[in-house]
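**Student:** Okay, here's the structure, questions in a sec.
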Amino acid sequence: MSVPESTPHPAVVPKDDAKATLAAFAELGPQYSDEVVDAFLEKINERLVPTQAVPAGVQVIRDRKGDPVRDKYGRVQFAPVGAVPVPAIRTAAEPPAKPGASPLVRQVTMTSIILGVSIPLTAIAAQFGLAYVLIVWAGICIVSITQAWASHGDQGGRR
């Protein structure tokens, strides 16, 4: 009875990558051993995901970016085909979407800031004379007008 010859499986990680990782492990020493091992395991996991067989009748759960969702042990998560769609899981690196403030709120806020700054600037300029007060208020008017034009542009040309 002869033993059937097995077909060689494609390497998950090429031999050169494994040798390079071992060389880096030896060269960097024990202080970087965890990082070297983590990088090597990450490379293995990246290559295993596409080749992982999906059981019949299930689908891979994917996040917003299209990457497979994994549990705390690194295993890909599955859901039955036709099941209610699983809501996208937000990762820690992805902050929640915040709605922008309305143009009116931004305009009132900027106007309040401008007026709040104008009081002490006027008091300081008054110590040096009327000409300085007029210069300060000309600057305040220019900033206010520029801010109003900018907020008008945010509204998309609506009046």
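**Student:** Hey, can you grab everything whose amide H is under 5 Å from the amide H of D63? Only 5+ residues off in sequence or another chain; H modelled, so Pro and N-termini drop out.
**Tutor:** Those qualifying (amide H under 5 Å, at least 5 residues apart or on another chain) are V69.
**Student:** Can you tell me the length gained on complete extension of the stretch V81 to A138, counting 0.36 nm per residue apart and subtracting the Cα distance? Could the numbers behind the result be given before it?
**Tutor:** Details: separation 57, 0.36 × 57 = 20.52 nm, distance 6.71 nm.
Length difference between fully extended and current span is 13.8 nm.
**Student:** Something else now. With no solvent and one equal point scatterer placed on each C-alpha of the stretch 103-154, evaluate the Debye formula and give log10 I(q)/I(0) for q = 0.19, 0.22, 0.26 Å⁻¹, two decimals.
**Tutor:** -0.63, -0.76, -0.92
**Student:** While we're here: Label points 7 Å out from Cα along the Cβ direction at I113 and W149: separation in nm?
**Tutor:** Result: 1.9 nm between the two label points.
Each reported figure results from applying straightforward, stated rules to the coordinates on display, with no laboratory input. This one's a predicted model, so the numbers in the text were calculated from it and none came from an experiment. For neighbour counting, all protein chains shown are included, and Cβ atoms are generated from backbone atoms with ideal geometry for every residue, glycine included.
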